[in-house]
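Please read the structure below before turning to the comments.
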Amino acid sequence: MNETEFSLLNILIAVIGGAIRVGTPFLFVSLGECLTERSGRINLGLEGTLMMGAMTGYGASYLSGSPWLGVMAAGMTGVILGGVHALLCQQQKVNDIAVGIALMLLGTGLAFFLGKPLIQPTAAHLPSLHLGSWSDSPVIQAALDINVLFVIGVLLAPAMAWFFRYSRWGLYVRTVGESADAARAMGLNVNRVRMYSTMAGGFLAGVGGSFLSLYYPGGWSEGLSSGQGLMAVALVIFARWNPVYCLYASLLFGAAATLGPTLQSIGMTWGYYLFHAAPYVLTLIIMITTSSSTRLLSGMPGQLSNVK
Amino acid sequence: MMRSFEPIVIPIAALLVSLLMFGIFITAAGADALGVFESMYRGAFGTWFSWQNTLVRAAPLMLTALCTALPARIGLIIIGGEGAVVVGGMTAALTGIVLTHASPIVVLTAMAFMGMTTGGLWIAAISALRHYRGVNETISSLLLNYIAIAIMNFLVFGPLRDPETLNKPSTYHIGEANMLTEMGSTSIHWGFGLGVIACVALWVLMRHTPFGFAVDIAGGNVRAAKLSGLPVTRLMIITSLLAGAAAGLAGMIEVAAVHGRANSSLNANYGYEGILVAFIARHNPLAIIPVAILFGGIRASSGLLQRDHDLPDASSLVLQGIIFIVILASETLYGRFSWLRAKEKTA
C-alpha cells in the first residue's frame, strides 16, 4: 500500500519535472508570440524559427564549445527571421498568416538542409540546477534537474508583464496593438514598433529552439519539433495575451505532452501513439472552450481581428 | 469585365526570381547550380518516363491544393490538407479491407465515397468550429493534422497492423485486384485523371454558377453577403466539405493506386505542398492543374538531385519555402503595372 503511494508520488514528480522540461520551449515561444501579438501582428512562422534556432544553436555550441553562445546564435537567427516576417507583412496586401506559413516552411527546410552535418556530432549542452540532491531517489533527482533557461523564462514572464504595464516602450507596443490609427495620431511609427516586436519575439522563439537541441530532448534531428511553435500561438490566446499566464499555460502543455512517455515508463503501453495527440487535443479543447464567435476575447489586442 | 495579365505574369516572374535565389543558395552551399537546374528539368520533364513520374505526383497535389484554395475563396485559411489526406486514406483503406472480396468497381467506389466523406467532414468541422465557436481555423486545422497522424499511427502500430509489414507498419492490403489501374498504356494511374476532373469541375462550380458567385461575395465582404441574404454559414460549410472531400480523395488515391495499404506514406507532405500550390494558383482551381504539375516535377526530380549532386532531400523544401515567400511578397505588386492591363484593352 505504502509502496504504491510512493510510486504515485514518483509519477507526480516525474510529470512535474517533465512539464518543466517540455514546457520550457513552449514558454519562450509563447512569450515571443505574446510580444509580437501585443503589437498587433501574428507570426505563425515561429515553428520555423524554433527549428532554425535549434539548428543554429546546436551548430554554434558545437563549433565554439559554449552552449551560451549557441543560445545567443539561436536568438539572433530568430531576430533575422522575425525581421523578414515584419518586412514582408508591412507591404500592402500581404497577409501575415500566409507569410507565417511560408516562413514555417522555409525555416524548417533551411534547418534540415543546413543541419545535415550536425546529426552526428555532439555539442556542449546547457547546465542545470540539481534541486533534487536532498533525495536518495534517482527518479526525483532526475525530475528536479531544473535547467537554467527555465529559470530565466520564469523571471522573464513577470518582467514582460511589467514592461507592458509600466514602461514607455511597453505602452508603445500596446498602443500600436490596440489601434494603429491612435498610434499614428500619437506620432508613433507603427511599422517600426511592430518590426522591433516581431524581431524580439523571434529572438525568444529562437532561444526556445536552442533549448530543444541543447537541453531536452538534446541533439539535432529533423524530428526535434512537432508543432510546438504553432501550439504556442494557440497557447497565447489561452493565456489571454498575458505573459504570466503564458508561464502557467506552458507548464500545463508540458505536462500534457509528458503524459504519454510517463505512462509508458510505468508499463501502460496500450495507447502510446494516441497519447502523442494529447497536447494537440488539449490545445484544441482549450481553443473551443475559450473562444467565442460573438464577443471579442478579453485581453485581445484590438488590431488582431484575425486570431479570433 | 476588366481582365489583366497580372495573375499570369507576376507569378511566373516570381517563380523565376525564386529559382534565381535558390540557385544562389545552392551555389553558396557548394553545388553547381546550372547542373542542378539541368537535373531538375531532366528528372521532371526530360523524358516521357520522367513526365509520367511527374504527373503521378501531381495527382494528390491538385487535390490537396483544392483543400486550401476553396476555403480561401470564402476567406478561410485552412492548412489541414495533410490531416484530411491521412483520415481519407485511412478510412478508404479500411473500406477496401472490409469489402476486399466484392467486385473491384464496388470496392473502389465505396473507398472513394468513404475517403471523401471523412475528409470532407474533417475540414467541415474546422469551419464549423470557426463559425460557431470562433476558433481560428488556421491553428485548428494544423492541430488536426497532428491528431490525424497520431490516430493513424495508433491504428497501424496497433489494432490494424498487418503482422507481415515489418519495417513500415501498415494496415492489411486492400487486394491487388482492387487497385486503381493505369490510364491506357501509360504508367500514370487514374488518380491523375480524377485530379484533373476535380479541378475542372470545381472551377466550373466556382466561376460559372450562382454558388461560386455567392462564395466569392462572402469571401470579399461577409457583412455585405449577409445583408444581401446569402446563407454565409451554409456556403462556408459546403465549401469546406468539398475542399476536404478533395483531400480525402487524394488519400484514397494514394492507397488505392500506389501503396495498397494505409501507412506513414500518407503523411508525405502532400497536404503542405498543396497549400503552396493553391497560393501560387491564386486559389483558382483551373490554374492549380499546371502549378501542381510543376510541383509534381520538383518532387519527381528530388531523387535525381540527391544522387547526382549530393544535395540533401530538404533542398526541395528550401526551394518551396523560397517560392512561397517570393510569391507572397509579389502580392504587393498587383495593380502597380498599368501596362499589363492596357494590353488587354486593345486585344
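The values are calculated or read from the model by the stated rules, or taken from the named source; none is laboratory data. This structure is a prediction, so every number in the text was calculated from the model and none was measured. Backbone-built Cβ (ideal geometry, glycine too); neighbour counts: all protein chains shown.
Miscellaneous remarks
- If the condition is being without any contact (Cβ under 8 Å) to a residue 12 or more places away in the chain and either of a type in the set (Lys, Arg) or part of a helix (DSSP H, G or I) (or both), then the stretch A:180-193 contributes A:ASP181, A:ALA182, A:ALA183, A:ARG184, A:ALA185, A:ARG192.
- The stretch A:107-128 - residue that is at the interface with another protein chain (Cβ under 10 Å from one of its Cβ atoms) and within 18 Å of A:PHE203 (Cβ to Cβ) and, of those, nearest to the chain's Cα centre (by Cα): A:GLY107
- Scanning the stretch A:77-102 for residues that are more than 7 Å from chain B (Cβ to nearest Cβ) and under 15 Å from A:GLU47 (Cβ atoms) turns up A:THR77, A:GLY78, A:LEU81, A:GLY82, A:VAL84, A:HIS85, A:ASP96, A:GLY100.
- Residues (closer than 19 Å to B:THR95 by Cα and surrounded by fewer than 16 Cβ atoms within 10 Å (Cβ to Cβ)) located in the stretch B:170-185: B:GLU176, B:ALA177, B:THR181
- Within the stretch B:65-75, tally of residues that are under 15 Å from B:ALA125 (Cα atoms) and either of a type in the set (Val, Ile, Thr) or modelled with pLDDT under 95 (or both): 1
- Top-ranked residue of the stretch B:15-30 - restricted to ones that are in a helix (DSSP H, G or I) and within 12 Å of chain A (Cβ to nearest Cβ), ranked as farthest from B:LEU294 (Cα to Cα): B:ALA28
- Within the stretch B:203-230, tally of residues that are in contact with a helix residue (DSSP H, G or I) (Cβ under 8 Å, 6 or more places away or on another chain), within 23 Å of B:GLU137 (Cβ to Cβ) and not in a helix (DSSP H, G or I): 1
- Qualifying residue in the stretch A:129-144 (condition: within 9 Å of chain B (Cβ to nearest Cβ), modelled with pLDDT under 90 and buried (at least 22 other Cβ atoms within 10 Å of the Cβ)): no
- No other residue among A:LEU27, A:LEU35, A:LEU81, A:LEU50 is modelled with pLDDT of 95 or more, within 30 Å of A:ILE266 (Cα to Cα) and surrounded by 24 or more Cβ atoms within 10 Å (Cβ to Cβ) apart from A:LEU27.
- Matching option when the condition is of a type outside the set (Ser, Thr, Tyr) and farther than 18 Å from B:ALA250 by Cα, among B:ALA128, B:ALA124: B:ALA128
- Residues of the stretch B:311-329 that are of a type in the set (A, V, I, L, M), facing chain A (nearest Cβ under 7 Å) and in a helix (DSSP H, G or I): B:LEU317, B:VAL318, B:ILE322, B:ILE325, B:LEU328, B:ALA329.
Matching residues to (1) crowded, with 22+ Cβ neighbours inside 10 Å; (2) among the hydrophobic types (A, V, I, L, M, F, W, C); (3) under 19 Å from B:TYR272 (Cβ atoms); (4) modelled with pLDDT of 95 or more:
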| position | (1), (2), (3), (4) |
| --- | --- |
| A:GLY65 | no, no, no, no |
| A:VAL71 | yes, yes, no, yes |
| A:ALA74 | yes, yes, no, yes |
| A:THR77 | yes, no, no, yes |
| A:CYS89 | yes, yes, no, no |
| A:ASN95 | no, no, yes, no |
| A:GLY100 | yes, no, yes, no |
| A:THR108 | yes, no, yes, no |
| A:PRO117 | no, no, no, no |
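- Count of the stretch A:155-179 residues which are hydroxyl-bearing (Ser, Thr, Tyr) and assigned to a helix (DSSP H, G or I): 3
- B:ALA13 in contact with a helix residue (DSSP H, G or I) (Cβ under 8 Å, 6 or more places away or on another chain), of a type in the set (A, V, I, L, M) and farther than 27 Å from B:THR239 by Cβ: yes
- When residues in the stretch B:151-169 are screened for being surrounded by 19 or more Cβ atoms within 10 Å (Cβ to Cβ) and touching a helix residue (DSSP H, G or I) at 6+ places or on another chain (Cβ under 6 Å), 3 of them pass.
- Residue check, B:GLY244 at pLDDT 95 or above, over 30 Å from B:GLU164 (Cβ atoms) and assigned to a helix (DSSP H, G or I): yes
- All positions within the stretch B:130-147 that are assigned to a helix (DSSP H, G or I), within 7 Å of chain A (Cβ to nearest Cβ) and not hydroxyl-bearing (Ser, Thr, Tyr): B:HIS131, B:ARG133, B:ILE139, B:LEU142, B:LEU143, B:ILE147
- Of the residues making up the stretch B:29-49, none is within 19 Å of B:GLU182 (Cα to Cα) and touching a Lys or Arg at 6+ places or on another chain (Cβ under 9 Å).
- Against the test of being away from chain A (no Cβ under 13 Å), at pLDDT 90 or above, within 22 Å of B:ILE197 (Cα to Cα) and out of contact with any strand residue (DSSP E or B) (no Cβ under 8 Å at 6 or more places or on another chain), the options B:ALA262, B:ALA257, B:ALA250 yield a single qualifying residue, B:ALA250.
- Exactly one residue out of B:THR118, B:THR165 is over 18 Å from A:ILE288 (Cβ atoms), among the β-branched types (Val, Ile, Thr), part of a helix (DSSP H, G or I) and more than 7 Å from every other protein chain (Cβ to nearest Cβ), and it is B:THR118.
- Criterion: surrounded by 20 or more Cβ atoms within 10 Å (Cβ to Cβ) and among the small types (Gly, Ala, Ser) - qualifying residue of B:SER265, B:SER240, B:SER228: B:SER240
- Residue match in the stretch B:288-298 (condition: assigned to a helix (DSSP H, G or I), within 14 Å of another protein chain (Cβ to nearest Cβ), within 14 Å of B:PHE45 (Cβ to Cβ) and in contact (Cβ under 8 Å) with a residue 40 or more places away in the chain): yes
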